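**Student:** Quick one: structure below, then a few questions.
The values are calculated or read from the model by the stated rules, or taken from the named source; none is laboratory data. As the structure is a prediction and not an experimental result, all values here were calculated from the model. Cβ placement follows ideal geometry from the backbone for every residue including glycine, while neighbour counts extend to all protein chains displayed. Just so you know, the surface numbers come from the protein's heavy atoms only, side chains and all, with ligands and any DNA or RNA stripped out. Shrake-Rupley method; radii C 1.70, N 1.55, O 1.52, S 1.80 Å.
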Amino acid sequence: MDEAVAATNTTVPPEASSATPTPPSRRAFITTGGTALVLGFVVPRLARAEGLAAAATGVMTPDAAAAAGVQLNAFVSIDTMGKVTLVTHRAEMGQGAYSVVPQILAEELEVDIAAIAIAVADGDPQKYGSQMTGGSSTVRGGITQLLKTGATARDMLVRAAAARWNVAPDSCKARLGQVTHAASGRTLAYGALVEDAAKLVPNKDVPLKDRKDWTVIGKPIPRQDTPLKVNGSAKFGIDVRLPGMLYAVVERSPRFVGKVKRFDATKALAVPGVKHVVKTERDIFGKMREGVAVVATSTWAAMKGRRALIVEWDDTGIPEVSSASLTAAMKSSLAGAPLSAKTKGDVAAALGTTPAVDATYETPYQAHACMEPINCTAHVTDTSAEIWGPVQAPDWNRGHLAGALKLPMDKVKVNMTFLGGGFGRKAFTDFPLEAALVSRAVKAPVQVVWSREDDLSVGPFRPGAMYHLRGALKDGKISAIEATMAAQNLMEQEPGDTPKKPNDNVTEGLPETYLETIPNYRFGDIPLVAPVPVMWWRSVYSSTNGFAYESFLDEMARAAKMDPIAFRRQHFDSPRLHALADKLEAVSGWKQRKAGEGFGMSLTYCFSSWAAHVVKVSKARNAIRIEKVWTVIDCGVAVNPDVIRQQVEGSIVMALGAATTHEVAFAAGSATKKNFDTYPLPRLRDIPPIEVHIMDNGEAAGGVGEPGLPGLTPALTNAIYDLTGTRIRKLPFDLAKV
């Protein structure tokens with residue numbers, strides 16, 4: 001086995017766990033004097049009556065938000081003209097947060113969504129709680145809080161109007177930003193009431209509307225960020241400009257570890273525009289990775305300076321890894337004893353000597369490959385630090401920067417811009433700290449930009465994984481499953497960590513209801529240790545588990561000589577899942593499929609939502625052609641159906657790339673694929689027709705941004721098996737060579 005890749009037993013907290021904010025305690029309503037009232041989740045703050053110029057773009061800075069009228073709580077302000085400002089504490093990275101979050105607020109606040117301006121929170125966990133955008137949690141984690149926020153504010157406005165008219169509050173009704181007294185026909189706009197409302201003590205537990213009375217939630221309201229992105233006014237991280245700002249690129253070790261032995265900056269400094277060449281660092285799970293930054297008056301000058309830079313790296317004692325060594329390590333480790341994650345019954349006895357299915361599945365390391373490369377602008381002085389950029393977790397960054405720069409938290413400010421894709425990568429705090437260290441070194445605001453090559457070759461990556469599954473049948477049903485996963489553990493990368501606990505995420509993606517009906521199962525984990533930095537990737541463990549488990553279930557259904565959907569139905573009792581299966585069969589024409597057509601299906605559970613796919617394939621010119629994809633998602637409350645469909649479609653496109661082309665290859669300790677010529681994203685011509693259906697039920701809100709991804713690949717490979725008899729157990733695969 002390669003020295004760099006060894007199967008061991010280890011554990012570790014996530015990189016930014018030390019900076020993870022404490023969630024706010026239960027809502028405490030606090031009244032302050034004067035004209036401003038605060039329904040503070042934590043610290044109340046009086047609003048300032050200043051200009052609203054920034055609101056013209058529809059997305060404001062935190063400072064502009066603070067000036068947006070009377071602040072009813074940490075998230076909502078209303079000015080005397082009735083303009084509502086909502087501070088959103090989650091990133092907008094294409095998932096529609098700036099649309100669905102105000103849509104939820106508008107429902108209970110009773111305002112036109114067009115009247116709501118968006119402000120971006122500034123990484124203050126004391127005011128906003130967790131600001132980590134991930135786990136498809138923006139809606140499912142915030143809908144109840146937002147509804148209560150809107151209802152409480154609306155109740156205060158109604159009571160203010162009733163007091164003005166000397167009538168009972170329940171004789172008044174709020175609608176579209178004004179309060180009406182039905183008996184007299186009098187009306188007052190929110191703007192005229194907000195200062196009186198701010199003097200009232202908020203009622204606790206204001207009743208929420210019945211779902212049947214919703215008029216905003218459930219509507220396909222156009223996205224608020226689309227006009228800004230179409231007309232170019234949306235500000236991404238790379239659009240940030242500051243007085244006296246410089247620009248930098250960093251030469252990093254071509255291998256994942258490596259120290260700067262020496263560098264010669266003579267030729268780099270001779271490039272017009274280059275001002276500084278400084279040694280810098282980047283924090284990878286507590287391990288400082290060294291680099292050399294070229295700082296110039298433009299990004300282009302910095303890039304030219306980097307080409308002229310000479311760096312000698314000290315790789316002494318650093319083990320090398322390659323794709324072959326990583327694969328060999330995973331394969332050999334599967335022969336060992338795993339750490340047991342979940343177990344029930346007598347698996348060995350049930351499997352017997354000849355399991356019905358015995359298969360190994362393999363998924364590759366993959367990059368996040370966001371269309372917007374990594375970038376961050378930082379301005380660090382002796383007493384403060386401020387950053388601007390596409391970050392998924394401003395609160396984590398604030399904590400990390402404060403600790404690394406040894407500054408008080410209140411002297412560190414994080415400004416979150418639009419993200420051009422994140423997929424988990426931009427939750428990592430390495431690149432903001434790197435920018436901050438460069439800024440501190442040159443004593444000026446600096447924008448550090450990663451090239452596409454930097455982004456695709458440095459990591460962190462989604463870990464590759466190998467699964468060994470065995471299964472037994474009894475009376476056409478699964479009587480036993482044994483599954484072992486070998487992979488680097490996302491949670492165990494800190495220095496000194498030794499895996500001692502199994503990865504509890506080993507069943508992620510598999511509907512739990514299956515395990516309730518299977519009498520014998522054993523899921524085990526073999527954590528690998530390798531120098532490759534790894535991190536969560538869209539849908540996290542479900543992205544690889546889904547392929548293995550749903551392919552395996554298809555193999556079990558074939559072994560039982562049963563229809564794949566009917567086979568799965570035997571293993572869940574949930575009426576909700578049967579309704580999902582009914583819908584999938586109906587929309588895809590599953591029961592009407594004909595001989596010679598390749599149909600495959602999957603059913604996965606991810607971040608509190610179920611997604612079921614059917615893929616239809618055919619053979620055209622000796623290549624597999626994907627005729628169509630049908631997806632049915634059950635995400636409970638569907639706040640904005642259009643946004644949900646967009647998210648599912650995006651997940652399917654990303655999954656298609658992950659299935660058919662994407663693989664980060666390694667040689668001599670480096671990633672070898674450095675740009676889209678060797679790591680191609682799906683083109684329009686590659687994308688099949690996609691039909692998305694949303695289950696309509698009264699269940700709690702589930703995730704949307706990720707649940708549509710895990711099941712596409714197994715549905716596709718199951719369809720290919722259905723058509724050709726070829727079982728695909730390793731990704732990626734070439735549709736032209738199946």
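**Student:** Restricting to region 384-397, what's the tally of residues that are within 19 Å of the chain's Cα centre (by Cα) and surrounded by 24 or more Cβ atoms within 10 Å (Cβ to Cβ)?
**Tutor:** Of the residues in that region, 8 qualify.
**Student:** Return the residues of region 248-274 that are at pLDDT below 95 and open to solvent by 70 Å² or more (accessible area, probe 1.4 Å); say none if nothing qualifies.
**Tutor:** Pro254, Lys259
**Student:** Separate question: I'd like to check something: does region 225-239 contain any residue that is closer than 30 Å to Val643 by Cα, surrounded by 15 or more Cβ atoms within 10 Å (Cβ to Cβ), in contact with a Leu (Cβ under 7 Å, 6 or more places away or on another chain) and modelled with pLDDT under 95?
**Tutor:** yes
**Student:** What's the number of the condition Glu482 fails, among (1) surrounded by fewer than 21 Cβ atoms within 10 Å (Cβ to Cβ); (2) of a type in the set (Asp, Glu); (3) over 26 Å from the mean Cα position of the chain (by Cα)?
**Tutor:** All conditions pass for Glu482, except number (1).
**Student:** Could you pull out the residue among Pro373, Pro390 that is in contact with a Leu (Cβ under 6 Å, 6 or more places away or on another chain) and over 30 Å from Glu550 (Cβ atoms)? Reasoning before the result, please.
**Tutor:** Details: Pro373 fails: in contact with a Leu (Cβ under 6 Å, 6 or more places away or on another chain).
Answer to the selection: Pro390.
**Student:** Is at least one residue of region 444-456 open to solvent by 10 Å² or more (accessible area, probe 1.4 Å) and under 20 Å from the mean Cα position of the chain (by Cα)?
**Tutor:** The answer is yes, given that some residue of region 444-456 is open to solvent by 10 Å² or more (accessible area, probe 1.4 Å) and under 20 Å from the mean Cα position of the chain (by Cα).
**Student:** Right, next: Filter region 275-287 for residues that are open to solvent by 60 Å² or more (accessible area, probe 1.4 Å) and among the acidic types (Asp, Glu) and give the result. Before you say what the answer is, go through the steps one by one.
**Tutor:** At the first step, the residues of region 275-287 found to be open to solvent by 60 Å² or more (accessible area, probe 1.4 Å) are 275-276, 279, 281, 287.
Answer for region 275-287, where residues must be open to solvent by 60 Å² or more (accessible area, probe 1.4 Å) and among the acidic types (Asp, Glu): just Glu281.
**Student:** Report yes if some residue within region 710-719 is among the β-branched types (Val, Ile, Thr), open to solvent by less than 30 Å² (accessible area, probe 1.4 Å) and closer than 30 Å to Gly218 by Cβ; otherwise report no. I'd like the intermediate steps shown before the answer.
**Tutor:** Step one: list which residues in region 710-719 are among the β-branched types (Val, Ile, Thr), which gives 713, 717.
With open to solvent by less than 30 Å² (accessible area, probe 1.4 Å) added as a condition, the list becomes 713, 717.
Checking the rest, the ones that are also closer than 30 Å to Gly218 by Cβ come to none.
The answer is no; no qualifying residue exists.
**Student:** Looking only at region 91-111, which residues are in contact with a Gly (Cβ under 8 Å, 6 or more places away or on another chain), β-branched (Val, Ile, Thr) and in a helix (DSSP H, G or I)?
**Tutor:** Val101, Ile104
**Student:** Would you check if Thr678 is among the β-branched types (Val, Ile, Thr), open to solvent by 50 Å² or more (accessible area, probe 1.4 Å), in a loop (DSSP other than H, G, I, E, B) and within 26 Å of Tyr467 (Cα to Cα)? Can you show your working first?
**Tutor:** Details: among the β-branched types (Val, Ile, Thr): yes; open to solvent by 50 Å² or more (accessible area, probe 1.4 Å): yes; in a loop (DSSP other than H, G, I, E, B): yes; within 26 Å of Tyr467 (Cα to Cα): no.
For Thr678, the condition - among the β-branched types (Val, Ile, Thr), open to solvent by 50 Å² or more (accessible area, probe 1.4 Å), in a loop (DSSP other than H, G, I, E, B) and within 26 Å of Tyr467 (Cα to Cα) - is not met.
**Student:** Return the pair list, or none, for Cβ contacts closer than 7 Å from residues in region 477-489 that are among the acidic types (Asp, Glu) to residues that are outside any strand (DSSP E or B), at least 6 apart or on different chains.
**Tutor:** Glu482/Val347; Glu482/Leu351
**Student:** Separate question: Starting from residues that are among the basic types (Lys, Arg) and either touching a Gly at 6+ places or on another chain (Cβ under 7 Å) or touching a residue at least 24 places away in the same chain (Cβ under 8 Å) (or both), keep the ones in region 684-736 and report whichever is farthest from Thr144 (Cα to Cα).
**Tutor:** Applying the first criterion (among the basic types (Lys, Arg)) to region 684-736 yields 685, 727, 729-730.
Of the ones still in play, those that are also either touching a Gly at 6+ places or on another chain (Cβ under 7 Å) or touching a residue at least 24 places away in the same chain (Cβ under 8 Å) (or both) are 727, 729-730.
Details: Arg727: 44, Arg729: 42, Lys730: 42 Å.
Result: Arg727.
**Student:** Another question about this same structure. With (1) under 21 Å from His89 (Cβ atoms); (2) not in a loop (DSSP other than H, G, I, E, B) as the list, and Gln392 as the residue in question, which single condition is left unmet?
**Tutor:** Here Gln392 clears every test but (2).
**Student:** Continuing with the same structure: Could you grab me the full set of residues in region 304-331 that are at pLDDT 95 or above, open to solvent by 60 Å² or more (accessible area, probe 1.4 Å) and of a type outside the set (A, V, I, L, M, F, W, C)?
**Tutor:** Result: Lys304, Arg307, Glu312, Lys331.
**Student:** Of the conditions (1) open to solvent by less than 10 Å² (accessible area, probe 1.4 Å); (2) on the phi > 0 side of the Ramachandran plot, Pro533 satisfies every one except a single condition; which number is it?
**Tutor:** The number of the failed condition is (2).
**Student:** Turning to a different aspect of this structure: For region 206-224, give me each residue that is of a type outside the set (Gly, Ala, Ser) and either loosely packed, with under 13 Cβ neighbours inside 10 Å or out of contact with any Asp or Glu (no Cβ under 7 Å at 6 or more places or on another chain) (or both). Steps first, answer last, please.
**Tutor:** Quick first cut of region 206-224, residues of a type outside the set (Gly, Ala, Ser) only: 206-217, 219-224.
Across region 206-224, the qualifying residues are Pro207, Asp210, Arg211, Lys212, Asp213, Thr215, Lys219, Pro220, Ile221, Pro222, Arg223, Gln224.
**Student:** Among residues belonging to region 416-439 that are open to solvent by less than 10 Å² (accessible area, probe 1.4 Å) and of a type in the set (S, T, N, Q), point out the one that is nearest to Thr226 (Cα to Cα).
**Tutor:** Thr429
**Student:** Follow-up question, since we're still on this one. Find the residue count for region 331-377, including only residues that are of a type in the set (D, E, K, R) and closer than 14 Å to His468 by Cα. Explain how you work it out, then say what you get.
**Tutor:** First pass over region 331-377, keeping only residues of a type in the set (D, E, K, R): 331, 342, 344, 346, 358, 362, 372.
With the extra rule that they be closer than 14 Å to His468 by Cα, the set shrinks to 331, 358, 362.
Number of matching residues: 3.
**Student:** What are the residues in region 654-709 that are out of contact with any Leu (no Cβ under 9 Å at 6 or more places or on another chain), hydrophobic (A, V, I, L, M, F, W, C) and under 24 Å from Lys730 (Cβ atoms), if any?
**Tutor:** The answer is Ala665, Ala667, Ala668, Leu681, Leu709.
**Student:** OK, next. Going residue by residue through region 509-528, is there one that turns out to be open to solvent by less than 20 Å² (accessible area, probe 1.4 Å) and closer than 20 Å to Lys287 by Cα?
**Tutor:** Looking through region 509-528, at least one residue is open to solvent by less than 20 Å² (accessible area, probe 1.4 Å) and closer than 20 Å to Lys287 by Cα.
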